[in-house]
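In what follows, a single structure is set out as structure tokens and then discussed.
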Amino acid sequence: MTDPGLGFDLEVVSLGNRAFEGNNDSYLIDTEETTLIDTGVAVEATRRQLRAGLDARGLGFADVERVLLTHHHADHAGLAGEIQAASGCPVHVHEADAPLVAQEPAATDAAEDRLRDRVDAWGMPDPKREELLAFLDATDGIDGEPPEVTPFENGATFDVGGVELEAVHLPGHAAGLAGFAFDGRDGEELFSGDALLPYYTPNVGGADTRVDGALAKYLDTLAAVAERGYTRAWPGHRGPIVDPPGRAADIVAHHRRRTERVLEILSDGPATPWTVSDELFGSLSDIHVLHGPGEAFAHLEHLEAGGIVGRAGPEGRRFERLVDDPDVARLFPDLPASPRHGR
Ligand SMILES: [Zn+2]
Ligand SMILES: [Zn+2]
């Protein structure tokens, strides 16, 4: 699919994936330079789909001249090493996610330790903990061959065959999540990775347990997206978002409602993130065993930072309400109504 108004050739390669947020997108910028934004997970079905997408333009892995990654998750970065091995191209990712994409043992070990600590602190029952760790072990290979990475910082620019892309750090879902902004048809557009998705909200709190204050960081990201007024976003999953500021405002509203729901749950007494997750999402399987309580924790942590809840009991795993009639609104950015939706 190419938008004739875009001013350059963009091929959206849709990659099947049921393990995470659903279908991934790999974006092929086909100018004088062949650039891929995200690669999909390192499994055979996805590899075939990506090859077919490139093949439609007479290209193969060996022709890719640059890979830009939005973040370290396997469904975005998995095939980067393989593509680099075939073409020798640089693989760029934000500095905060670079050690994980490179699969540096110190970084992957630290992330794994952090995850285990978090899961314990959330009060996850042992059988669920074992189920989760077994699931993560079983999916180990989907990260693929580690590439040699070239890290970038917020604001870095890439000239990809006459199209200038600016890296925009969008932390929350992952510590090193970055989008790539460019001048589009009617204004600035953004390859948004998992920072802005259509239909559903990206997980915060469980998707990258390295992130402290994940919800606060993500709310700042959403406010920045709204502020910059992108006219269109090309997300890491599913189709383009025609009103990024409006979508950012919707996601903020969603998190505010969820925070209010978390407070309601705590009116029955102190609870662990796991218990709150159970009330919010019910029974969970596969990656959601991590994402559910992570999300609950991110909301509790945000309320704690705002002085509305605190830790109950000596172990500090349970949270309790500190305030009878809390002002939740002040914990959320007040995003302007989107002019294009008239909201
Ligand atoms: Zn992700
Ligand atoms: Zn994703």
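Each value in this text was obtained by applying a stated rule to the coordinates, not by laboratory testing. Remember, it's a predicted structure, so these values are computed and weren't measured experimentally. Using ideal geometry, Cβ is built from the backbone for each residue, glycine included, and neighbour counts are taken over all protein chains shown.
Please work out how much length the chain gains when fully extended from residue 186 to residue 8, using 0.36 nm per residue of separation minus the C-alpha to C-alpha distance, in nm with one decimal.
Fully extending the segment from residue 186 to residue 8 adds 62.7 nm.
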**Message:** If I model a spin label as a point 7 Å beyond the Cα along the Cα-Cβ vector, how far apart are those points for residue 138 and residue 324 in nm?
**Reply:** 5.0 nm
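Could you work out Rg/(2.2 N^0.38 Å) for region 27-125, with Rg from alpha carbons only? Working shown, then result.
On the way: Rg = 15.9 Å, N = 99, 2.2 N^0.38 = 12.6 Å.
Region 27-125 yields a ratio of 1.26.
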**Complete:** Counted neighbours (other Cβ, 10 Å), sorted fewest up, put 27, 230, 200 in the order 200, 27, 230
**Asked** Tell me, 274, 122 in order of fewest to most beta-carbon neighbours within 10 Å?
**Response** 274, 122
**Request:** Give, rounded to the nearest 20 debye, the magnitude of the charge dipole that the chain has about its Cα centre when Lys and Arg contribute +1 at Cβ and Asp and Glu contribute -1 at Cβ.
**Result:** 920 debye
**DSSP-loop trypsin sites (Lys or Arg not before Pro) across region 239-342, with at most 16 other Cβ within 10 angstrom** = 340
**Request:** Name the residue farthest towards the positive end of the dipole of the chain from the options 8, 333, 229, assuming +1 on Cβ of Lys and Arg, -1 on Cβ of Asp and Glu, about the Cα centre.
**Result:** 333
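Provide Rg over Rh for the chain; use the alpha carbon set for both Rg and the Kirkwood Rh (inverse mean inverse pair distance).
0.98
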**Prompt:** For residue 312, what charge total do you get from the other residues with a beta carbon under 13 Å from its beta carbon, if Lys and Arg give +1 and Asp and Glu give -1?
**Reply:** 0
**Prompt:** When Lys and Arg each count +1 and Asp and Glu each count -1, what net charge do the other residues less than 15 Å away from residue 183, Cβ to Cβ, add up to?
**Reply:** -4
**Asked** Reported to two decimal places, what Rg/Rh ratio describes region 157-224 when computed on Cα atoms with Rh from the Kirkwood expression?
**Response** 1.03
**Complete:** Simple spin-label estimate for residue 31/residue 304, 7 Å along Cα→Cβ, in nm, reads 4.5 nm
**Request:** Can you tell me the equivalent ellipsoid semi-axes for region 223-267? Use √(5λ) from the Cα gyration tensor, largest first, whole Å.
**Result:** 27, 12, 6
**Asked** Over the Cα atoms of region 272-343, how large are the radius of gyration and the largest Cα-Cα distance (Dmax), in Å?
**Response** 15.5, 51
